[in-house]
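A.B. asks: Before anything else, here's the structure in question.
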Amino acid sequence: MSDFTKVPMSGPGTSVATGEGFELTDRQVARMRLEKKRRLRGDIAAYLAINAFLVVIWAFTGLGYFWPAWVMAGWGVFLALAIWDVYFRRPISDADVAAEVQRLR
């Protein structure tokens with residue numbers, strides 16, 4: 001799938017164009033969004049479980065320098081980007097495309 005997918009702005013049954021020239025229905029777009037959300041939930045669960053495990057290892061090895069913070073911070077940046085992509089990235093609208101075409105002229 002393309003990152004250029006446009007979410008429909010009208011009613012059911014609307015086809016949606018993608019950056020690759022394929023057509024997607026509302027149902028297909030909804031399914032893709034649900035798959036992204038489900039994948040994100042799994043990523044968050046893995047982040048929490050693995051980092052909790054690393055904190056336990058840190059605690060059992062003497063509570064010295066808190067090295068798990070490096071893993072948490074690095075992985076957290078990518079997790080934050082995934083959260084932004086799923087919940088805050090807005091779809092490309094026809095107005096966005098029209099504005100970009102105007103800038104190209």
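The values are calculated or read from the model by the stated rules, or taken from the named source; none is laboratory data. Small disclaimer: the values here were computed from a predicted structure and weren't measured. Cβ atoms come from the backbone with ideal geometry, glycine included; neighbour counts cover every protein chain shown.
A.B. asks: Applying the selection to the stretch 58-76, what residues are surrounded by 10 or more Cβ atoms within 10 Å (Cβ to Cβ) and aliphatic (A, V, I, L, M)? Walk me through how you get there before you give the answer.
C.D. replies: To start, the set of residues in the stretch 58-76 that are surrounded by 10 or more Cβ atoms within 10 Å (Cβ to Cβ) comprises 58-59, 66-72, 74-76.
Within the stretch 58-76, Ala59, Ala69, Val71, Met72 meet the criteria.
A.B. asks: If you go through the stretch 56-65 one residue at a time, do you hit one that is in contact (Cβ under 8 Å) with a residue 24 or more places away in the chain, part of a helix (DSSP H, G or I) and not aromatic (Phe, Trp, Tyr)? If you could, list the steps in order and put the result at the bottom.
C.D. replies: Taking the stretch 56-65 and keeping what is in contact (Cβ under 8 Å) with a residue 24 or more places away in the chain, we get none.
Looking for residues that are in contact (Cβ under 8 Å) with a residue 24 or more places away in the chain, part of a helix (DSSP H, G or I) and not aromatic (Phe, Trp, Tyr), one finds none in the stretch 56-65, hence no.
A.B. asks: Given the residues Val97, Val55, Val86, Val101, which is the only one that is farther than 25 Å from Ala30 by Cβ and either charged (D, E, K, R) or surrounded by 10 or more Cβ atoms within 10 Å (Cβ to Cβ) (or both)? Quick ask: steps written out before the conclusion?
C.D. replies: Details: Val97 fails: farther than 25 Å from Ala30 by Cβ; Val86 fails: farther than 25 Å from Ala30 by Cβ; Val101 fails: either charged (D, E, K, R) or surrounded by 10 or more Cβ atoms within 10 Å (Cβ to Cβ) (or both).
Checking each option against the conditions leaves just Val55.
A.B. asks: Which members of the stretch 72-105 meet the condition of being out of contact with any helix residue (DSSP H, G or I) (no Cβ under 7 Å at 6 or more places or on another chain), under 18 Å from Arg33 (Cβ atoms) and of a type in the set (A, V, I, L, M)?
C.D. replies: Going residue by residue through the stretch 72-105, those that are out of contact with any helix residue (DSSP H, G or I) (no Cβ under 7 Å at 6 or more places or on another chain) are 73-74, 76-78, 80-81, 84-85, 87-105.
Subset that is under 18 Å from Arg33 (Cβ atoms): 81, 84-85, 87-93.
Correct list: Leu81, Ile92.
A.B. asks: For residues that are in a helix (DSSP H, G or I) and closer than 21 Å to Arg41 by Cα, tally how many sit in the stretch 66-105. Step through it out loud before you land on a result.
C.D. replies: Going residue by residue through the stretch 66-105, those that are in a helix (DSSP H, G or I) are 68-87, 94-104.
Now drop any that are not closer than 21 Å to Arg41 by Cα, which leaves 71-87.
Going through the stretch 66-105 one residue at a time, the tally reaches 17.
A.B. asks: Would you confirm whether any residue within the stretch 35-50 is in contact with an Asp or Glu (Cβ under 8 Å, 6 or more places away or on another chain) and either among the basic types (Lys, Arg) or modelled with pLDDT under 90 (or both)?
C.D. replies: Step one: filter the stretch 35-50 for residues in contact with an Asp or Glu (Cβ under 8 Å, 6 or more places away or on another chain), giving 36.
Keeping just the survivors that are either among the basic types (Lys, Arg) or modelled with pLDDT under 90 (or both) gives 36.
Within the stretch 35-50 (the criterion being in contact with an Asp or Glu (Cβ under 8 Å, 6 or more places away or on another chain) and either among the basic types (Lys, Arg) or modelled with pLDDT under 90 (or both)), the answer is yes, since at least one residue qualifies.
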